[in-house]
Structures are given as structure tokens and as C-alpha cells.
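Inspection log for the structure reproduced underneath, given as C-alpha cells.
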């Protein structure tokens, strides 16, 4: 199976570790990637942390110790200079370079923690990702990007300070993310990265992974159709447009005009009418080629 099929297969596993999905995604950056190498690296890092853990510590002191071991001893740090460098969102390269986005640093903390029997969860707060450290004494937030341990009651103030604007939080914000949700945020970061550092083929790969993860997200099919159109991948663009209009319940708009009379069709937005023009142009192009 190729990386996309591995990703599809792993998504069907209820207990799939987040790092497995992240390494599937990392094939976008390195097609030849061997995930086993990086899973073994996480095992090695966990062993290194285990040697330094002071088992007598608990509560906030234990959370602070774990943060220091990852950010000082193992030297993981936030990507400060070029935040949207795609390498900051690929787990293999984060492990090699010891730098990444907040979500990737949290993912490393989660993966190492699970190997050590620690309760480390991913916390997908608005505009910033952190991890949480839980033991019998309570829960503490780990901001590995800023090397800070944060009391949950201070989360809103901390986020407001690091984001630079108010970040109101609801109780739902404190629910740990699933592996699927974490993968979705990684892919969203990569989509932003390939818009900031334009690479059309890589952006296309990101969108393809996203359509596998959330196949009923209509905007993804629209975005991929437009990108494929600009890449002159006519048949693939036509396929995505058909799927897009099907999800809208408006597929008959693509039928010959005489056939549309048999259907009750929803009103289309102006942008969707532009897509009908695009589909017609693609059909004309394919007719000429065939």
C-alpha cells in the first residue's frame, strides 16, 4: 500500500496512535520515508527520558520535570524563525531537527509519555496547541513551544498572552483531542504552509489526505477541483467537481440541459455557478483531446 492507503487503513483502527497517522502524513514531505525508523526513535527517546525521571515527584513538580526533560535535555523547541516551513509539521523532520509547531511538540510529548505509562493528552485550544500532564494530584498544561507549565485555571490568560488577543475558553476546550482530530490539525497547518510557501503538487497531496480524513467536507473537494484545473489535470478536476456537486445534492446541474427538467434542484451560490462554467470548459477540453 502507498502512504495514502496506509493512512486510510490506520484511520479505521480505533486505537491508532497519533504518531502513526502523523508519519503517514509525513510521506507528503518524503515519499521514501520509513515510519519504523521514527517509531524506533520515539522508543529510544522514551528510554532516555525514563533514565532521568525522578519517580518521587508528582503533581506540578512532575509536570515541570517532564517539560524540562523534553525541552532541555532532548532539546525540543518551538520553530520561531519560519513558522510555516512545512518541515515543522512533518513528524520525521521534527524528530530529526528537534523543532516544530506547538502541535508537533505536543505530539512528541504524547508519544513519549504513552511509552512511559504517563497520561499525556493533546489539548487543541483555539490558535494554540498544548499537552496536558495528569496524575493523581491533578492536571497541568504543558506549553512546549514556550517552555511553560500552566495551571488549567490560568489557561485563558496564558493563551491570550501568547496569541496576542483574547482567547475565551469553554469547558469543551479542555476535552483532549483524538488522534483523528490531531491529524486534521496537522493537515490544516500543512495546507497553510503550502499556501505560504507555494508548492502546488504538495498542496494537492495535502488536500487528498484531507478528503480521506473528512470525505464529506464539501469545501475540500471544491478546493482540490480548482487546484487540479489550474494544474491542467482535467479528468481529475472533473471527477472532483462531480463529487462536489453530488455532496451538495446538485449533481444534475452537470447533466445536459434537457435532462435537468426532471429534477428539483437547489439554488446555487454565484461561486458554484462559476464552477459550472469550469466544468463545461473541462468537458470541451476533454472532447478535443479525445
One residue from 6, 27 being within 26 Å of the chain's Cα centre (by Cα), surrounded by fewer than 17 Cβ atoms within 10 Å (Cβ to Cβ) and under 22 Å from residue 95 (Cβ atoms): 6
Pairs with Cβ under 8 Å, 6+ apart, first in the stretch 90-117 and on the phi > 0 side of the Ramachandran plot and in a loop (DSSP other than H, G, I, E, B), second modelled with pLDDT of 95 or more and surrounded by fewer than 24 Cβ atoms within 10 Å (Cβ to Cβ): 98/74; 98/75; 98/77
Candidates 58, 89 - the one that is assigned by TED's automatic domain parsing to the domain that holds residue 143, in contact with a helix residue (DSSP H, G or I) (Cβ under 9 Å, 6 or more places away or on another chain) and at pLDDT 95 or above: 89
All positions within the stretch 249-261 that are in contact with a helix residue (DSSP H, G or I) (Cβ under 8 Å, 6 or more places away or on another chain) and part of a loop (DSSP other than H, G, I, E, B): 250
Yes/no for residue 217 being crowded, with 17+ Cβ neighbours inside 10 Å, out of contact with any helix residue (DSSP H, G or I) (no Cβ under 6 Å at 6 or more places or on another chain) and farther than 20 Å from residue 144 by Cα: no
Residue 108 buried (at least 21 other Cβ atoms within 10 Å of the Cβ), within 15 Å of residue 67 (Cα to Cα), in the same structural domain as residue 28 (by TED's automatic domain parsing) and at pLDDT 95 or above: yes
Filter result for residue 98 (surrounded by fewer than 21 Cβ atoms within 10 Å (Cβ to Cβ), out of contact with any helix residue (DSSP H, G or I) (no Cβ under 8 Å at 6 or more places or on another chain), closer than 24 Å to residue 53 by Cα and assigned by TED's automatic domain parsing to the domain that holds residue 132): yes
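Residue by residue, here is whether (1) assigned to a helix (DSSP H, G or I); (2) over 22 Å from residue 187 (Cβ atoms); (3) assigned by TED's automatic domain parsing to the domain that holds residue 279 holds:
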| site | (1), (2), (3) |
| --- | --- |
| 211 | yes, no, no |
| 223 | yes, no, yes |
| 226 | yes, no, yes |
| 229 | yes, no, yes |
| 232 | no, yes, yes |
| 235 | yes, yes, yes |
| 240 | yes, no, yes |
| 243 | yes, no, yes |
| 247 | yes, no, yes |
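The values are calculated or read from the model by the stated rules, or taken from the named source; none is laboratory data. Since we're looking at a predicted model, the values are computed, not measured. Cβ coordinates were reconstructed from backbone atoms using ideal geometry, including for glycine residues, and neighbour counts include every protein chain displayed.
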